[in-house]
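Following: one structure in structure tokens, then a few remarks.
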2 protein chains.
Amino acid sequence: MDENTRKQLEKIFHAGLQAVDPESAVKRHVQLTDRQLRVGEKSYSLDDFRRIFVTGVGKGTAPMAKALEDILGDRITEGWIIVKYDHGLPLERIRVLEAAHPVPDNAGLESARFVLQKLAECTENDLVICAFSGGGSALFPSVQPPLNFEEKQKTTKLLLECGATINEINSIRKHMSLGKGGRLAKTAYPATVISLFLSDVVGDPLDVIASGPTVPDTSTFADCVEIMEKFSISQRVPPGVFRFFKEGAEGLLEETPKAGDIVFQHSQNLIVGNNRAALLAAGDQAAKLGYDTRILSSLIEGEAREVAVIMAAIGKEIIESGHPLPAPACILAGGETTVTIRGQGKGGRNQELALAAAIALKGWPRITLLSAGTDGSDGPTDAAGAFADGNTFRDALRMDLNPMQYLLNNDSYNFFDKLGQLFKTGPTRTNVMDVICLLVT
Amino acid sequence: MDENTRKQLEKIFHAGLQAVDPESAVKRHVQLTDRQLRVGEKSYSLDDFRRIFVTGVGKGTAPMAKALEDILGDRITEGWIIVKYDHGLPLERIRVLEAAHPVPDNAGLESARFVLQKLAECTENDLVICAFSGGGSALFPSVQPPLNFEEKQKTTKLLLECGATINEINSIRKHMSLGKGGRLAKTAYPATVISLFLSDVVGDPLDVIASGPTVPDTSTFADCVEIMEKFSISQRVPPGVFRFFKEGAEGLLEETPKAGDIVFQHSQNLIVGNNRAALLAAGDQAAKLGYDTRILSSLIEGEAREVAVIMAAIGKEIIESGHPLPAPACILAGGETTVTIRGQGKGGRNQELALAAAIALKGWPRITLLSAGTDGSDGPTDAAGAFADGNTFRDALRMDLNPMQYLLNNDSYNFFDKLGQLFKTGPTRTNVMDVICLLVT
């Protein structure tokens, strides 16, 4: 593997990463000048507010809160954020609460309750700035009374098993929660609520990132009842749960807040960092290195090995015909692929994608690919991803490694570990899914 | 579905088709001026030859031969082509032999024997112009003595079952044949041999199209023995077959001709039509219609439904960010996808791709896709492919068709038939695999 190309790929990836570092992402979108707080396209006069609170939930929320402290300093009255264990940072005015992820724990339940209690005390003279990032759903567990945590978990488990879509599951979960689906905004009402999102979901759907605590919900109790009946689980969920939803559908319980609801009148939701931002910055770096650069899509989904084959097909076309652009070329793609696990091996979706690319690129030495997770951890491994090029297949055979066997066994980690082609970044504090970079020299 | 967009897609597809019409493809690459025959980059003086023969094999070979008659007229001494039943054309000087495809029949065996006999009579004063297209392998069946047809078939069947790659299978089949793997060129030696290929294989590998009758073989008898041993079928193939290969490996039989062999000294192999040519012409048409146009790749492979998801992701990115190019945009891709059949329905890879696109594009009305086979027949259906757009999903639900169910059942034909979104061209006389066209308006 060419060392120079590999270094260029690392440089391109890190440029992308830098653009979505939670701290700098917030600072790029939030500025304070003369007591005017500029947030994206909007502007707020700090003189309109008596108190400023900061809250937030998600794995990358601590550096986002840090940025807000840097910007607002002692203008922040108080703050409370919930992050994953070991994802905290020493902050001056904002209290960092830690909880378990991805399986919620008691600390999460208590922290969520505490934050909601604090927000409930807000008045129309208060400004609440929220920071949301991936992991926010699990880190903010709560249950609408009279339901209890066990009933909610049982229902979720049934939904997962019955084949409901993630949207359907989310509709039901939001209605069982206290803070999700716009309910955090409702709790803080009549305060002004600004929410900053670091998106870890393909397409940046605000109501999905951290389950949209400040975003209008598009589903109703009636929808939830329909979903349960459609999947024939209305009699299988705990009896209290179905009763709860029936009562909700009959208008006896409070709906999640909807678009146009007064609680959103003074709220702003803004994406401060997403996969596209990472790709754009990575693309700028690639252009600086002399590559004709195109961003293919930040909305890539699908089976990792299939995405690899298409990326390889584009690279080969560049060499053979100069389409879609002439070499030296850089094609960037991002999103989140999936892996259908059939083997017993160790790997992640990025490493699997790179392994499939190594097979598809066999004999095309001018093409090199890096696929890596922006959070620095790909699957249950210590690597962020892996490099593959047109010589990887040959190099593997020389070391008596059969790439096809490793792919069949979903054992991409061990494959690239032996070849010395893993890409390790360590934890990056951010997560905007994955970046795939293809260089044709 | 917007009628205007649909008509534009048809126009773009037909422009691509026209570029790979076998007759015009040959005429674009072969011209006669003042007794100088120009073939691609090379030029031949007809005065150097006493006789000109035309031969060829493949489904699209009749119109290719027709073009050669138009160009050379009565300068053609004689000719013999083998085409699929009902794929002939009335020709003046070239005899059209018909045979069975995809399962070879006796007519194919006799025709192949006849053509080889004729070519064996060639001298250094002869020019042989060959036309090859898809289907050429099955239409030119032959067996190296002392093997017989049954032994060859049994061996092929075993190879298919044991998991050998298509390359490995081809190596063994070429060595058992009389005309494949460069042996047709060897038979015609010392004549000058010009071969024109219409490519129906991803990447245009000359040694694969029609099994490369005039192309150096890269495999040896020794390789074949190794393959048989690797898959433990050396004792399971008919005893005569393994003996044959052992003798070959020991140098007792004549090898297939290799690169550098004298038989290729006066030969030229030229692709006159391929998927890329279709995409380029389709792209020109799209540009004329006002679309910013990019050819993504003519080398697309992989599961049809996965390719659909990526095409959709690119379309959405165009709308959301103007990458990889701004709307109105046209993205063209080509190649040959596969379908893993799990259901009982009716469809083809193009219709399945369109169905998966309809699901992925749900709610994106500005994006429309056509996927279609250039031969006009997609799978075992009378359609070439199908149209899908961001409204197709909604339209289907209104007609009580569940797109997901149809996809699960691989029943894309019935889905699009009911919606009136099948694309039918009838037989096109050509085949350069599939064209996928995505329009973002």
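Numerical summary
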| item | result |
| --- | --- |
| Dipole axis of the stretch B:276-440 (+1 Lys, Arg; -1 Asp, Glu on Cβ), positive-most option in B:TRP364, B:ASN410, B:GLY335 | B:TRP364 |
| Qualifying GluC sites (Glu not before Pro) for the stretch A:177-265 [loop in DSSP, other Cβ within 10 Å: at most 13] | A:GLU250, A:GLU254 |
| Sum of side-chain charges, B:SER171 neighbourhood, beta-carbon under 13 Å (Lys, Arg +1; Asp, Glu -1) | -1 |
| Interface burial for B against A (accessible surface, 1.4 Å probe, total of both chains, Å², rounded to 100) | 2400 Å² |
| Long-range HN-HN contacts of A:ASP105 with modeled amide H, under 5 Å | A:ALA100 |
| Principal-axis tilt of helix A:149-162 within chain A, Cα atoms, nearest 10 degrees | 40 degrees |
| Test item: Cα-centred dipole of chain A, Lys/Arg +1 and Asp/Glu -1 on Cβ, debye | 360 debye |
| Solvent-accessible area, 1.4 Å probe, carbon plus sulfur percent, for chain B | 49 percent |
| FRET efficiency for A:ARG342 and B:LYS288, using Cβ-Cβ distance with R0 set to 56 Å, rounded to 0.05 | 0.75 |
| Share, in percent, of DSSP beta bridges within chain A that are antiparallel, nearest 5 | 45 percent |
| Euclidean distance of C-alpha centroids, the stretch A:206-228 and the stretch B:1-38, integer Å | 52 Å |
| The stretch A:11-273: radius of gyration over Cα atoms, expressed as a fraction of 2.2 N^0.38 Å | 1.00 |
| Near-label residues of the stretch B:205-224 by backbone N, under 14 Å of a point 7 Å along Cα→Cβ of B:LYS42 | B:214-216 |
| Between helix B:275-288 and chain B: long-axis angle, C-alpha atoms, 0 to 90°, nearest 10 | 40 degrees |
| 5 angstrom amide H check on B:ALA131, placed H, neighbours 5+ away | B:THR55, B:GLY56, B:VAL57, B:LEU196 |
| 29 Å Cα-Cα reach of A:LYS42 towards lysines, excluding residues that sit fewer than 8 places from it in its own chain | A:LYS27, A:LYS59, A:LYS66, A:LYS118, A:LYS174, A:LYS180, A:LYS186, A:LYS258, B:LYS316 |
| Filtered GluC sites (Glu not before Pro), the stretch A:1-109: DSSP coil and at most 12 other beta carbons within 10 Å | A:GLU41, A:GLU92 |
| Degrees separating the helix A:349-360 axis from the principal Cα axis of chain A, which is the longest one | 20 degrees |
| Which of A:ALA62, A:LEU32, A:LEU46, positive extreme of dipole for the stretch A:24-78 (C-beta unit charges) | A:ALA62 |
| 5 angstrom amide H check on B:SER142, placed H, neighbours 5+ away | B:LEU178 |
| Sites A:GLN117 and A:ASP400 - FRET efficiency at Förster radius 56 Å, r taken between beta-carbons, to 0.05 | 0.35 |
| Global geometry of the stretch B:276-440, whether rounded, prolate or oblate, following the gyration tensor of its Cα atoms and the 1.5 cut on a/c | oblate |
| Ascending list, in nanometres, of distances separating the A:GLU254 label from those of the other copies (7 Å, Cα toward Cβ) | 9.1 |
| Net charge over other residues, Cβ less than 12 angstrom from the Cβ of B:TYR413 (K, R count +1; D, E count -1) | -1 |
| A:TYR406 - accessible surface, heavy atoms, 1.4 Å probe, Å² rounded to 10 | 40 Å² |
| 1.4 Å probe accessible area per residue over the stretch A:11-273, in Å² | 42 Å² |
| Antiparallel bridges, percent of DSSP beta bridges restricted to the stretch A:11-273 (to nearest 5) | 20 percent |
| Label spacing, shortest first and in nm, from A:THR340 to its equivalents in the remaining copies (7 angstrom along Cα→Cβ) | 0.2 |
| Residue and distance (whole Å) for the chain A Cβ nearest the axis that superposes A on B | A:GLU306, 2 |
| Helix-only [θ]222 nm of chain B, DSSP H runs n ≥ 4, -39500 (n - 2.57) each, per residue, nearest 500 | -11500 deg cm²/dmol |
| Gaussian network model of chain B, Cα within-10 Å springs - most flexible of B:LEU279, B:LEU119, B:LEU270 | B:LEU270 |
| Cβ-placed point charges (K, R +1; D, E -1), dipole of the stretch B:11-273 about Cα centre in debye, nearest 20 | 260 debye |
| Averaged over A:323-335, number of beta-carbon atoms from partner chains that fall within 10 Å | 3 |
| Cross-link reach list, aspartates and glutamates versus B:LYS157, counting only Cα pairs under 17 Å and skipping chain neighbours closer than eight places | B:ASP105, B:GLU168, B:GLU229 |
| Calculated label separations, A:GLY363, copies of the chain, 7 Å along the beta-carbon direction, nm | 4.4 |
| Net charge of Cβ neighbours under 14 Å - reference A:LYS424; Lys, Arg +1; Asp, Glu -1 | -4 |
| Descending principal axes extents, chain A, alpha-carbon based, whole Å | 67, 59, 36 |
| Karplus-derived HN-Hα couplings along the stretch B:105-111 (A = 6.51, B = -1.76, C = 1.60, θ = phi - 60°), whole Hz, x at Gly and Pro | 10, 5, 4, x, 4, 5, 5 |
| Percent of Cα-Cα distances greater than 54 Å, calculated over the protein assembly as shown | 23 percent |
| Fraction of beta bridges assigned by DSSP in the protein assembly as shown that are antiparallel (%, nearest 5) | 45 percent |
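The values are calculated or read from the model by the stated rules, or taken from the named source; none is laboratory data. Every value quoted in this text rests on a predicted model; they were computed, and no experiment measured them. Glycine also receives a Cβ, built like all others from the backbone with ideal geometry; neighbour counts cover every protein chain displayed. Remember, those area values only see protein heavy atoms, side chains included, never the ligands or the DNA or RNA. Shrake-Rupley method; radii C 1.70, N 1.55, O 1.52, S 1.80 Å.
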